[in-house]
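Peer 1: Got a structure for you, written out below as structure tokens; questions coming shortly.
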Amino acid sequence: MVPVSDVALREVSVAFDDVPALEDVSLSIETGEFFTLVGPSGCGKTTTLRTIAGFETPDSGRVEIGGEDVAGVPPENRHVGIVFQNYALFPHMTVRENVAYGLRYRDPPDGKSTGERVTELLELLDMKGMGDREPEELSGGQQQRVALARALAPGPDVLLLDEPLSALDARLRERLRVVIREIQQELDITTIYVTHDQSEALAISDRVAVIADGHLEQVGPPEAIYREPATRFVAEFVGDNNLLDGVVVSTDPPRVSLDPGGGLAEATTTAHGSGTTIPVDGVSDTNREVTLSIRPESLSIVEDGSSRLGGSNGPITLSATVETVEFMGDAYRVHCEWQGRELLVKTDADEPPSGTVTLSFDPESATFLEAP
Ligand code: ATP
């Protein structure tokens, strides 16, 4: 039977010395979900995790695990497994002893003996044959696998991972995050993962919560966070982006000018002949300031006279100058200047572009945000 192990935070606030670390945070994490908290240093990710684990007590609001309010339940009785950034293995215990330590409060699941359970976990984490080593005889990645095995030993309902990969080098981080994701799926265990690395968050999660300054900016599947950022903060924090400030110049039909002076931009739409502004859905006030968020891969460099992008409103074209080109292996990152503003373009062209270029984008690929 799959345990009911959904996790909910209901209007949780936590402060340290009257300084708020979390303000009114509400989250619902489903059973079996891989849920990631991402945000810059100091935004409250670890505090959220420690509050779920029972190491911090909310000043207001409540935490529920499996539908039960866990106020007053000590960490060891919350049936959560925790892995921290710094492994926290006991240096003078062997790998087997370290994993067995995870069973100090609870018996192994399914009537297994401690020895059987430890063997099973070492196999799961590809650490068979290393049981008699001490932590200093292991690489950082292996130590973190032991920490994961220890956290999983009692068969917790919920796994909490606090930046488990941040002490490892980039390549190992990428490998181990796949291992974590595979094990999470194999065990179907509700997992809450903390990272400041937005690309890691997008790569392995079912859903992501972006946190800034103790509050939630956006919660959703990785694709939605990336493609439809809800706030300027999310648009800037997650992935490369171009943010262009503009102003609504007409509402029927709704259009936005990107010209710094608020007048007509040089943008032209081929579908509308001499149209000079960008169509945008759902804007009702003229003169309102908005920010256009457009991903570098949504901008393309077109040859003059070539066919344009599709889209019901026709593509927008901009005449820009190439300033710097970075070769990334699978693409070029092209830094362009358009009307005194930098635009980043990602292109898989065979040759690096140079000089004056025409940039094109489908307005439907852009997101409009409230201006700051
Ligand atoms: P990082 O990525 O740097 O670990 P984080 O997003 O996990 O950051 P938290 O550790 O949750 O952030 O901290 C949130 C805020 O609460 C920060 O301003 C931090 O300084 C403060 N804070 C956290 N723990 C304590 C504590 N025990 N005492 C005082 N302030 C604290």
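The values are calculated or read from the model by the stated rules, or taken from the named source; none is laboratory data. Keep in mind it's a predicted model, so treat the numbers as computed, not measured. Because the Cβ atoms are built from the backbone with ideal geometry, glycine has one as well, and the counts that use them run over all protein chains shown.
Peer 1: Mind telling me which of the residues Arg10, Arg104, Arg78 ends up being of a type in the set (D, E, K, R), more than 17 Å from Val219 (Cβ to Cβ), surrounded by fewer than 17 Cβ atoms within 10 Å (Cβ to Cβ) and away from the ligand (no atom under 16 Å from the Cβ)?
Peer 2: The unique qualifying residue is Arg104.
Yes/no matrix, rows are residues, columns are (1) among the charged types (D, E, K, R); (2) under 24 Å from the mean Cα position of the chain (by Cα); (3) within 16 Å of the ligand (Cβ to nearest atom):
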residue	(1), (2), (3)
Asp126	yes, no, no
Gly140	no, yes, no
Leu160	no, yes, yes
Arg175	yes, yes, no
Arg181	yes, yes, no
Leu187	no, yes, no
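Peer 1: Is it the case, given these coordinates, that Leu309 is at pLDDT 85 or above, in contact with a Ser or Thr (Cβ under 8 Å, 6 or more places away or on another chain) and among the aliphatic types (A, V, I, L, M)?
Peer 2: No: the conditions fail for Leu309.
Peer 1: A further question on this structure: Since Glu217 meets every condition but one in (1) buried (at least 19 other Cβ atoms within 10 Å of the Cβ); (2) more than 30 Å from Asp245 (Cα to Cα); (3) acidic (Asp, Glu), which condition does it not meet?
Peer 2: (2)
Peer 1: Let me confirm something: among Gly141, Gly111, Gly131, Gly155, which residue is of a type in the set (Gly, Ala, Ser) and under 21 Å from Gly32 (Cβ atoms)?
Peer 2: That would be Gly155, the only listed residue that is of a type in the set (Gly, Ala, Ser) and under 21 Å from Gly32 (Cβ atoms).
Peer 1: For the range 22-44, enumerate the residues that are crowded, with 22+ Cβ neighbours inside 10 Å and in contact with a Gly (Cβ under 6 Å, 6 or more places away or on another chain).
Peer 2: Scanning the range 22-44 gives Leu22, Gly44.
Peer 1: Could you pull out the residue among Leu27, Leu49 that is of a type in the set (A, V, I, L, M, F, W, C), under 21 Å from Pro229 (Cα atoms) and under 18 Å from the mean Cα position of the chain (by Cα)?
Peer 2: Leu27
Peer 1: Which count do you get for residues in the range 14-62 that are among the charged types (D, E, K, R), assigned to a strand (DSSP E or B) and within 13 Å of the ligand (Cβ to nearest atom)?
Peer 2: Within the range 14-62, residues that are among the charged types (D, E, K, R), assigned to a strand (DSSP E or B) and within 13 Å of the ligand (Cβ to nearest atom) number 1.
Peer 1: Moving on. Would it be correct to say that Gly67 is surrounded by 13 or more Cβ atoms within 10 Å (Cβ to Cβ) and not aliphatic (A, V, I, L, M)?
Peer 2: Judged against the criteria, Gly67 is not a match.
Peer 1: Related question: Suppose the filter is of a type in the set (Ser, Thr, Tyr), within 29 Å of Val179 (Cβ to Cβ) and either touching a strand residue (DSSP E or B) at 6+ places or on another chain (Cβ under 7 Å) or within 16 Å of the ligand (Cβ to nearest atom) (or both); does Ser113 pass it?
Peer 2: For Ser113, the condition - of a type in the set (Ser, Thr, Tyr), within 29 Å of Val179 (Cβ to Cβ) and either touching a strand residue (DSSP E or B) at 6+ places or on another chain (Cβ under 7 Å) or within 16 Å of the ligand (Cβ to nearest atom) (or both) - is not met.
Peer 1: Of all residues in the range 196-212, how many are within 13 Å of the ligand (Cβ to nearest atom), in contact with a strand residue (DSSP E or B) (Cβ under 9 Å, 6 or more places away or on another chain) and closer than 16 Å to Leu27 by Cβ?
Peer 2: 4
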